[in-house]
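The values are calculated or read from the model by the stated rules, or taken from the named source; none is laboratory data. Predicted model, so just to flag it, every value in this text is computed and none were measured. Here the Cβ positions follow ideal geometry from the backbone for every residue, glycine too, while neighbour counts run over all protein chains shown.
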Amino acid sequence: MPRSSVRLLADSNIVVQAVHAMRAAGHDVVYLGERIRALLAEAVAEGRIVVTKDHDIGVLVRRDLQPHCGVLLLDDLGDAAAETDLIPCDTVVSSRSTGCASLPESG
């Protein structure tokens, strides 16, 4: 008796080997880890800084040298109010030369 296929959406924190195993078992798996490059490209096309807790985007920018307008990587503090206070919302400015939003340099 054949097993039925399950439609899954795997978060980017799932290891790719597990995604491959689920697909090999016949399941329909959408893997968010495969969509990170597309999200980064969309942010560049729209001149946006990516605000994330996902370290995978940092890997694409630093190791893989993917084009970007900036990445603001936040720590997961487990407290929405504390995380909100990390972003100085009144200091985001637009860079006319690149079309990207930018944060002023500190100091």
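So which of Arg96, Arg48, Arg23 ends up being among the basic types (Lys, Arg), part of a loop (DSSP other than H, G, I, E, B) and at pLDDT 85 or above? Lay out the reasoning, then the answer.
Details: Arg96 fails: at pLDDT 85 or above; Arg23 fails: part of a loop (DSSP other than H, G, I, E, B).
On inspection, the qualifying residue turns out to be Arg48.
Here the range 30-79 is the region considered, the condition is being within 24 Å of Ala18 (Cα to Cα) and among the small types (Gly, Ala, Ser), and the residue that is surrounded by the fewest Cβ atoms within 10 Å (Cβ to Cβ) is Ala38.
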